[in-house]
1. In whole Hz, what ³J(HN,Hα) sequence does region A:56-64 give by Karplus (6.51, -1.76, 1.60; θ = phi - 60°), x for Gly and Pro?
2. Rounded to the nearest whole Å³, what is the per residue volume of the convex hull around the Cα atoms of region B:137-246?
3. For every other residue with a beta carbon closer than 15 angstrom to the beta carbon of B:A42, add +1 if it is Lys or Arg and -1 if Asp or Glu, then tell me the sum.
4. Provide the net charge surrounding A:L73, with neighbours chosen by a C-beta distance below 10 Å and charges set as Lys +1, Arg +1, Asp -1, Glu -1.
5. Could you give each residue of region A:211-225 its phi-based ³J(HN,Hα) in whole Hz, using Karplus coefficients 6.51, -1.76, 1.60 with θ = phi - 60°, and x for Gly or Pro?
6. Could you give each residue of region A:13-28 its phi-based ³J(HN,Hα) in whole Hz, using Karplus coefficients 6.51, -1.76, 1.60 with θ = phi - 60°, and x for Gly or Pro?
7. Can you pull the mean other chain C-beta count within 10 Å for peptide A:230-236?
8. Taking a threshold of 30 Å on the Cα-Cα distance, which of the pairs A:K55/B:K55; B:K79/B:K207; B:K28/B:K218; B:K55/B:K111; B:K28/B:K224; A:K224/B:K207 fall above it?
2 protein chains.
Amino acid sequence: MGMNDVADTPAGHLLVVDDDREIRGLLKRYFTREGYRVSTAANGVEMEQIVSNWKIDLIVLDLMLPGRDGLSLCRELRKSTHVPIVMLTVMGEEDDRIRGFEGGADDYIAKPFNPRELLARIRAVLRRTRMVAPTAERAHGRVLCFGDWRLDLGMRRLTSSDGTLVDLSTAEFDLLTAFAEHPQQVLSRDQLLDLARGKLEIPFDRKIDMQVSRLRHKIEEDPKNPTLIHTVRGGGYMLTAEVLIDEKPAA
Amino acid sequence: MGMNDVADTPAGHLLVVDDDREIRGLLKRYFTREGYRVSTAANGVEMEQIVSNWKIDLIVLDLMLPGRDGLSLCRELRKSTHVPIVMLTVMGEEDDRIRGFEGGADDYIAKPFNPRELLARIRAVLRRTRMVAPTAERAHGRVLCFGDWRLDLGMRRLTSSDGTLVDLSTAEFDLLTAFAEHPQQVLSRDQLLDLARGKLEIPFDRKIDMQVSRLRHKIEEDPKNPTLIHTVRGGGYMLTAEVLIDEKPAA
DNA sequence: GCTTTGTGTTACATTCAGTTACAAACTTTT
DNA sequence: AAAAGTTTGTAACTGAATGTAACACAAAGC
């Protein structure tokens, strides 16, 4: 899991700027495991050096830095580049939050933080800034066919090949869509959460399990022995079927 | 999954840079046995010579070198090439770890190290930097046939030639897939772990033995006298059967 | 033969996923 | 706006898959 998760392509190159060595180490390890390439810097000078040498996709910036504070750095970066920034601040300082956003940060999170949450926010920011809004992709009356099913993304309906309409809840539909758009690929719970919701969420670890279970009961012949959504222990879930794209809406 | 770490094509060309002759020898022997091509260098000058003459896939670089230290070498290499680098450092120097990463190393390991762990990390780095999706490759409705068995990689199912479906766990399936994709080849436990899991793992030495045992009980006629998965004492295991690839899914 | 090393296996521990049952949030109806 | 229904979230329980240890035995070396 994190799978690592998905060893695909590195998900992006992050830069962590914090003077606390432990935090740098922690984040580095965590994000690396999650498939990101990670560089770190302890202060503004190091940061600038790295930023000028690499194509950075996102910066995690601590508000409190020796010498130059994070806020002014953030403001300045904003002028020169378009690299999205996520701010880190100490707990409870409501003020900082506001100031962080004013400085042009794309998101903000307070220490002590949950790495999972930070990761979720980072994904969300990357998604926003890369403008691959999950909803935009799927918005085109496309119909995805797999197994016996036709999943109409425009109508947001699932029909069986014999024409029966199956009633899916929003969450179920989104989840199934996530699977259908990434067939034959192991998707971690984090990824699914991310793909299905498309917005920041601090999940109960097993939301997805539950959702998968519910979905299985609706689309699998025998939910106990699923043939469509396969579970990969320690990894996540995978839609095993081949998916065909049909541009015309279901009859 | 690396289709490339097969005996005929070397899994990659590694360069070990360390002034300690013993370490060079050890790593050279170990990695060569694991299917890698290995060059060694004792200092920065030798290293540069080799790097400019060969296509190197990964460099194992000691932090402590005579003359020029590894860290500055690492930083410099980073600017000129994209060769991934794994740093070696003496135990316990947290500082070094951080500096190693900041210098642009892709991974880091402390001496005295477990060669097995180093190998695992090297594989992980190669996988990351080559951007090969472990699952994506195998995802093509391919069916591998051997002995009486049909292993459907898309469906993730194992069926007997008479149509009986055998229930394999995820780990068992992955292991069998590893065998089927490298038939008639002795695979070390490390290789199997890597092929089957595709992610960094520092294993209990006998995970694989256990898994093989369990697998045998499911697919061998007489598990005590296996005909498919053969044990190579001191080496690992080997699938003796010939494997045919069938593009069509099982009926 | 006896020792050493490596493998097979049994038996148990641990981790992880599936599910039930209920609580909380959200919608719709009245 | 209260009530009823629906969907989603959480916890706790259960069983299955996998990891670990320990022991038995076989092969290789002496």
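1. 9, 8, 7, 10, 9, 10, 7, 5, 8
2. 96 Å³
3. On the way: positive: B:R21, B:R24, B:K28, B:R68; negative: B:D18, B:D19, B:D20, B:E22, B:E46, B:E48, B:D62, B:D69.
Within the 15 Å Cβ shell, the charges total -4.
4. Counting the neighbours of A:L73, the net charge comes to -1.
5. Result, ordered by residue: 4, 4, 4, 5, 4, 4, 5, 8, 10, 8, 4, 10, x, 6, 10 Hz.
6. Once θ is set to phi - 60°, the couplings for region A:13-28 become 10, 9, 10, 9, 10, 7, 7, 7, 4, 5, 4, 4, x, 4, 5, 4 Hz.
7. Values: counts 5, 1, 6, 4, 4, 6, 0.
Shielding by partners across A:230-236 averages 4.
8. Values: A:K55/B:K55 24 Å; B:K79/B:K207 41 Å; B:K28/B:K218 38 Å; B:K55/B:K111 27 Å; B:K28/B:K224 36 Å; A:K224/B:K207 27 Å.
In this structure, B:K79/B:K207; B:K28/B:K218; B:K28/B:K224 lie more than 30 Å apart at Cα.
A short reminder: the numbers here are calculations on the coordinates, not readings from a lab. Only a predicted model underlies this, so the values are computations on that prediction, with no experimental measurement involved. Backbone-built Cβ (ideal geometry, glycine too); neighbour counts: all protein chains shown.
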